[in-house]
Amino acid sequence: MPMHKTSAWPLALVYLCLIVYASLYPFVHWRDQGMQPWVFLTAPWPRYWTGFDVVSNVLGYMPLGFLLTLSALRTGHMRWAVWLAVPVSAALSLAMETLQVYLPDRVPSNLDWVLNIMGAALGALSAWGLEKLGVLQRWTRFRANWFLSEARGALVLLALWPVALLFPTSIPLGLGQVMERLEVGLADLLADSPFLAWLPVRDIELQPALPVTQWLCVLLGLSIPGLLGYCIIAQRGKRLWFMFWMAVVGVGVNSLSAALSFGPEHAWIWLDASAQTAMAMAVVLLVLLVWVPPRAAAALAVLVLGVYLSLINQASTDPYFEQTLFMWEQGRFIRFHGLAQWLGWLWPFAALIYVLSRVWGKEPHH
C-alpha cells in the first residue's frame, strides 16, 4: 500500500494526549505515599467495581488502538499494525496507572490496566479486520470522491467536533467559552506574586448572555462546522448532504450530553424554541452559501469564528452550569472530564487556525 497522508495519525496523537489528561485529572496533591509505583500490579483484583468501570476502561482505549493501527495500515506498515498499537497502548496505560499511585484522588488498578489493554486490542483488531474486508479501501475512494486534496486538518476537526460537544456548555453548541475560567486560572496562578498586579481587572463583571446573544451563538455555532466542511467539499449536492448529517449529529450529541448531565428524561431540554429557530436559520444560511468557493468559505469561517468567539467570551456562566460541571468533575464522568473539556475549550481556536491557513495557503484541488 502506498504511503499517503492520513487523518488517523493526528487523531491518534490528540486522543493519546486526552487519555493522559483524563487519567491524571485533577493534577493536584501529588505526593509519595510510601509504596512502590508498581505495587498495584501484584495486588489482588479489586473487590468493588461496576459495569460502568469495565465498559469505560475498555471503550476508553478502543479508539487509541483503532487509530494507531489505522495509522500504520494507511501508511503501508501492514505487518506491524496490530503489533505496534497494542504494546504502545499497554505501555501508556501502565504509565498512567503508575503515576496515579502519586495522586490520592485517583486509584491505580491492575484490572483497569488489563481492561485498557483489552480495549486497545479490540480497537486494533477492528481496524485490521476492516482493512481485510476492504472497508478502508472504500473509505479511501469515498474521501477522494467527496473531499478536496489536503483535507486532513478539516476532517480531524470535524471528527473531534461531536466529542467536544459532549462536555456541558452554558449555551447550546457553545464551544470555546474560556475567558472567565482563564481569568480565574491566571489569578490563581499569579497569587502571592508581584505579577498579579499586571493582570488586567475588569471594571464590570461578566454578565449572563442576553437571549439574542445566545440565539446568535447557537446560529454561529452550527454554521462554523458547516463552513469548515465547505472548505473541503466543492460540489453543491454533496455540501447539502454534509450539512444535513452535520445538523443531525449536532442535535444528537447535544441531546446525549444533556442526558448524561441531567438524566435521559431531560435529553431535549436544551432544544427550546430559541435554539430551534437559531439552528433553522443556520441551515438556511448554509443553503444560501452552498455556491461559495472553498477559499471564500474559509474566509467566511474566519469572520464567523471571530464574531462567535467575541460574543461567547463576553458572557458569564450561570450557577446551574457550574452545578453541572461539579457533577462531571466529582461523579463518574471524571474519566471523560478532561477528554471533552479541553476539546470544548480549544476546538473553535483550532478551527480558526485551520481556516486562516486555508485563506493564506494554496487553493486546494480535487
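Tabulated data for the structure shown
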| item | result |
| --- | --- |
| Rounded to whole Hz, the Karplus (6.51, -1.76, 1.60) HN-Hα couplings of the stretch 83-96, x for glycine and proline | 5, 7, 5, 5, x, 4, 5, 5, 5, 5, 4, 4, 5, 5 |
| Charge context of V114, other residues only, Cβ under 14 angstrom, K/R +1, D/E -1 | -3 |
| Inter-part distance where the stretch 119-163 and the stretch 206-234 are each reduced to a Cα centre, Å | 26 Å |
| Proxy reagent accessibility, fewest Cβ within 10 Å first, across M279, M118, M35 | M35, M118, M279 |
| Protection-proxy order for peptides 258-271, 166-179, each taking the mean of Cβ atoms within 10 Å per residue, highest first | 166-179, 258-271 |
| Burial ordering of E131, E97, E150, fewest other beta-carbon atoms within 10 Å first | E150, E131, E97 |
| Dmax and Rg, reported as Rg then Dmax, of the stretch 8-146 (C-alpha, Å) | 17.0, 59 |
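Computed from the coordinates by the stated procedures, all read-outs in this text should not be read as laboratory data. Keep in mind the model is a prediction, meaning the values are calculated, not measured. When we count neighbours, we look across all protein chains shown, and the Cβ atoms used for this are built from the backbone with ideal geometry, even at glycine.
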